[in-house]
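The values are calculated or read from the model by the stated rules, or taken from the named source; none is laboratory data. Being a predicted model, the structure only gives us computed values, none of them experimental. FYI the Cβ positions are ideal-geometry reconstructions off the backbone, even for glycines, and counts take in every protein chain you see. Side chains included, ligands, DNA and RNA excluded: accessible areas come from the protein's heavy atoms. Shrake-Rupley method; radii C 1.70, N 1.55, O 1.52, S 1.80 Å.
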Amino acid sequence: MAGAGELSEAARVMGWIALGLIGVAAAAGLWLFGVARPLWSFIGAGLMLGATGYAVQGRPGLAGDPVQAFTRPMPVDAGLIELRGDMFGRYTGEAAYMVMADGLTRAGNPHAAVQIMLGGVGHAPDNVALWTWLGMAYARHDGGAVSPAARLAFARAMQLAPNHPAPPFFLGVALIQSGDFAAARPYWARALALAPKTISYRPAIAERLAILDKYLAATKP
């Protein structure tokens, strides 16, 4: 009869085989679905990170233990995601981080979304898009409040790109989601002032600012 050590070793070998099959399936999926080549290295890095974790901590001999799913799925505004793509681009390395953070937020795991964005800014500390979305991730993580950590992330984004409309615009979004409409108004006005006259997303900023002004006028004491 095989000993416990032999069973554990066999389970580990089977684990590596399964991991290899996952890698092959992932590569085939990337090719079949036409994922942009620049994103391949990012996805590959994620798979390698998982493999490293398995190598270090994998214990396939242990019995399975069911876990609970994330408890509170959180919606992500599709219009804001579209506008983010207009402002920062959709097929860039930083976009991959933001898309992953969006998916984790939708699944109800804003903590993991923050960790993804922290990894992004750690990899590219001068990237304005990553710092901006780190601010959004912190705001979602903190229940909609614009916490000091969120403000710090937005401030860093504005410091890196003082003439880019996206950081003040999304800070305004975070403030509105927290219920602080009046505080959001100067940031949206700044974003509109910074947006070039001919840029495609300028009307979207102007429309939102006009709606906000109407709301503030209607609720003025």
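Using a/c under 1.5 as the rounded threshold, could you call segment 67-221 rounded, prolate or oblate? The axes a ≥ b ≥ c are square roots of the C-alpha gyration tensor eigenvalues, and prolate needs a/b larger than b/c, oblate otherwise. If you can, show how the numbers build up before the last one.
Numbers: a/c = 1.74, a/b = 1.28, b/c = 1.36.
Oblate, since a/c reaches 1.5 and b/c is not below a/b.
Go ahead and collect, in residue order, the members of segment 150-190 whose backbone nitrogen is under 18 Å from a label point 7 Å along the Cα-Cβ direction of ASP126.
Under 18 Å, as judged by backbone N against the label point of ASP126, lie 156-164 of segment 150-190.
With θ taken as phi - 60° and the coefficients 6.51, -1.76 and 1.60, list the Karplus ³J(HN,Hα) couplings across segment 133-139 in order, rounded to whole Hz; mark glycine and proline as x.
6, 5, x, 5, 5, 4, 4
Can you classify segment 84-165 as rounded, prolate or oblate using the Cα gyration tensor, where a ≥ b ≥ c are the square roots of its eigenvalues, rounded means a/c under 1.5, and otherwise it's prolate if a/b beats b/c and oblate if not?
Working: a/c = 1.66, a/b = 1.17, b/c = 1.42.
Oblate.
Before I look further, what does segment 130-221 give for accessible area per residue, probe 1.4 Å, in whole square angstrom? Walk me through the numbers before you get to the answer.
Values: 4430 Å² over 92 residues.
Accessible surface, normalised per residue, equals 48 Å².
Out of the total accessible area of segment 153-221 (probe 1.4 Å, heavy atoms of protein only), what percent is carbon and sulfur?
59
As a test question: what accessible area, to the nearest 10 Å², does GLU207 have when a 1.4 Å probe is rolled over all protein chains in place?
110
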